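The values are calculated or read from the model by the stated rules, or taken from the named source; none is laboratory data. Fair warning: this is a prediction, and the values are worked out from it, not measured in the lab. All Cβ positions, glycine included, derive from the backbone under ideal geometry; neighbour counts span all protein chains shown. Side chains included, ligands, DNA and RNA excluded: accessible areas come from the protein's heavy atoms. Shrake-Rupley method; radii C 1.70, N 1.55, O 1.52, S 1.80 Å.
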Amino acid sequence: MSEAERFSVPRWQSGQPAELRVLDVDVEGPVLSDEARRVAERIASKYPTRRSAMIPLLYLVQAEVGWVPRRGMREVADVLGLTTAEVEAVATFYTMLKLHPCGRYIVSICTNPSCALLGARRLYERARELLGESAERVSEDGLFTLEEEECLAACDQAPVVAVNFLFYDRVSEEQLESMIEEIRQGRPPAASRGGIPGELKDISRVLAGLGTDRAAEVEDG
Amino acid sequence: MAEFQPVLTARWGDPEAATLHGYERTGGYQALRKALSMDPAAVIEEVKSSGLRGRGGAGFPTGTKWSFIPQDTGKPVYVVVNFDESEPGTFNNRELIERDPHQLVEGAIICAYAVRCRTAFVYCRGEFVWPGTVLERAIAEAYEAGYLGKDILGSGFDLDVILHRGAGAYICGEETALLESLEGFRGQPRLRPPFPAVEGLYRSPTVINNVETLSCVPHIIDRGARWFASIGAGKSTGPGIFSVSGKVNRPGNYEAPMGTTARELIEGHAGGVRDGKRVKAWTPGGSSTPLLTAEHLDVQMGFDEVQAAGSLLGTKAMIVLDERDCVVDAVLRFTQFYAHESCGKCTPCREGTWWMTRVLRRVEQGRGRMEDIDLMQTVGQNMLFKSFCALADGAVSPIDSSIKYFRDEYEEHVRLGRCPLREESPRLEAASARSGGTTGALAQVLPEGIEVELGEVLG
Ligand SMILES: Cc1cc2nc3c(=O)[nH]c(=O)nc-3n(C[C@H](O)[C@H](O)[C@H](O)COP(=O)(O)O)c2cc1C
Ligand code: FES
């Protein structure tokens, strides 16, 4: 069974907690390398309480694995001196922490009204055609995860599409098609601001607070 | 009155404004020098008398909030910048940071000095990968230049700033949910009182302010409270950035004095409605504020003025629908947002938003009953003011207000068994059959397609 099939649970089960319940794979550990453990330690000691490093450390796991497997939650718990359940309770709350294998590029299309009024819903439907239904979890080629996004706070540029959370302004269906094609060819186009999006692992490093260490991942727009 | 000169957006045309050099060249960090020469209490007093009110939605007087911070608890004081901007239709914080991040950094340092805080946080919305990076760089530059760190500008005042990235949850913009999230928990609101000023981050006194609010502060210190208070109308002083989007010719952020009329913003700044159509409905302050109509375009965009018109100023985010757009569909899409973003802690919000989505969808798709309209009003009454935070109240706003002004349109849907405007308008309902969102407990139990008769359930 392919990974995509394994995760093709009925739509109505696709909320994150349910996802976790049906999650029947994990990864072999350890997921945090010795180097990543040192980084984790540095992040945790930055805050007045170590627990505040929860989200950054979960992003660090995502930067290593490409998603957040249970094994990663165990290791975060270990670093923070918490139980795995305490970490899992947090990880299941936040939509940017991916609890199942997902594409290397997350394509988020905002369909909140300011974007929808200017055709975002059709854009989403077109993306689904191009990437296949399975892309709502992960596309067959493992490249894409398609998400319908809430307002991205860029409504003046509607309709907005984000690739790994870098924004593309006023995207037409033709532009969307060529964006997807270019990503398939390994050459994602530059976002409207913030340069060329890295893969989800790279962006997760930035989100973990390590962006200024490796500024090259997010270049000047 | 002299013509209004932009304040908060004055540097937006300058490509160098985002750099320390560009900011300093145009007078940046002079206000900080001035503040550091003042007594902290005098800084608070200045902000108080400027009349500045929070731009994050609630409009609480900023100086008053700062003055609530007790200095005798033996605990550290924290300042948290709320850069979670996620209220639908709102996009000025993002542009403020992308174009002029040091203005916020300077404002935050002055605030920290005033309340004697030594560690400040910025809670940055997760999706803001790029704006967050711009701000990270500005913070790094400020450290290098000695505006942050130890003994700032030889004043003896120390301050560290930590930028913390969220992970995709609207609720984390709500101040107490934000604190929970920053402490490493699920982002669920706390019961108040105690308010954050008394027991905030790590149970310590905490000031939480919006990016635009703090961006006003350097100007107040630099040019004086009296100057600031001379801009605006009534009890809404100073300049404000209005985010205008939807069916207008020139969507964008427009800076204008608080109290500018909606007409001037929509028809003037934003160039009026597309294709020469007319305004049908608009939000004054994001999707959580009751819709207004073409009748209300002369309302002044000030806190009290908008409230008097039956809505709220919120985040000054104006989403404009024109006469071709289906109000029921737009309200359904807003409601899907709230159902997705409800954190699940309070039952009226978690269940109410979800059930509302189903009733609205049924009406929008032409399967509704006349009673559904009253039913939604009843459900709304059972949601209002019954939760820890205002998310549910915000969710009721578009539903209640649209029934108030567009009841005909709801009835038309029921009578015709379809949307009367379908041919002309784009579809707004979410395209994916996404269900529960972050919590949505019930959504995962009931398969899509199973119709439960809500009227019967509620009796
Ligand atoms: C559901 C909800 C979401 C909110 N989101 C934000 C937000 O993204 N940014 C913000 O500044 N305030 C937001 N607020 C308001 C904050 O709770 C708080 O009032 C504000 O940050 C205080 O700052 P101010 O006094 O400078 O406005 C939200 C409130 C609620 C109820
Ligand atoms: S509605 Fe799409 S960015 Fe705001």
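What to note about this one:
- GluC sites (Glu not before Pro) restricted to DSSP loop in region B:368-439 with at most 13 other C-beta within 10 Å: B:423, B:424
- The trypsin sites (Lys or Arg not before Pro) found in region B:334-410 that occupy coil by DSSP, while having at most 15 further C-beta atoms within 10 Å, are B:367, B:369, B:386.
- If you sort the three axes of the alpha carbon gyration tensor as a ≥ b ≥ c, you get a/c under 1.5 for region B:20-230, which makes it rounded.
- Histogram of C-alpha separations across region B:117-266, 10 Å bin width, %: 9, 27, 34, 26, 3, 0
- At the residue level, residue B:118 shows approximately 140 square angstrom of accessible surface with a 1.4 angstrom probe and all protein chains present.
- When the pairs B:48/B:75; A:46/A:98; B:48/B:247 are compared against a 28 Å limit on Cα-Cα distance, B:48/B:247 fall above it.
- With each label modelled as a point 7 angstrom along the Cα→C-beta vector, the residue B:371-residue A:170 pair spans 5.0 nm.
- Counting heavy atoms of the protein chains alone, residue B:219 has an accessible area of about 20 Å² for a 1.4 Å probe.
- Cα-based shape type of region A:110-172, given that a ≥ b ≥ c are square roots of the gyration tensor eigenvalues and the cut on a/c is 1.5: prolate
- Take residue B:150: with every protein chain present and a 1.4 Å probe, its accessible area is about 150 Å².
- Centroid-to-centroid, using Cα positions, region B:302-324 and region B:70-146 are 27 Å apart.
- Summed buried accessible surface, chains B and A, 1.4 Å probe, nearest 100 Å²: 5600 Å²
- For residue B:345, the lysines whose Cα falls under 19 Å of its own Cα, not counting residues fewer than eight places away in the same chain, are B:386.
- Å² per residue, accessible surface of the protein assembly as shown at 1.4 Å: 35 Å²
- Region B:271-395 shape via C-alpha gyration tensor axes, a/c threshold 1.5: oblate
- Length available on full extension from residue B:153 to residue B:192: 0.36 nm per residue minus the Cα-Cα distance, which gives 10.3 nm.
- Ranked order, A:98, B:75, B:65, B:277 - accessible area, probe 1.4 Å, largest first: B:75, B:277, B:65, A:98
- Coil-residue GluC sites (Glu not before Pro) of region B:95-150, DSSP, other Cβ within 10 Å capped at 13: none
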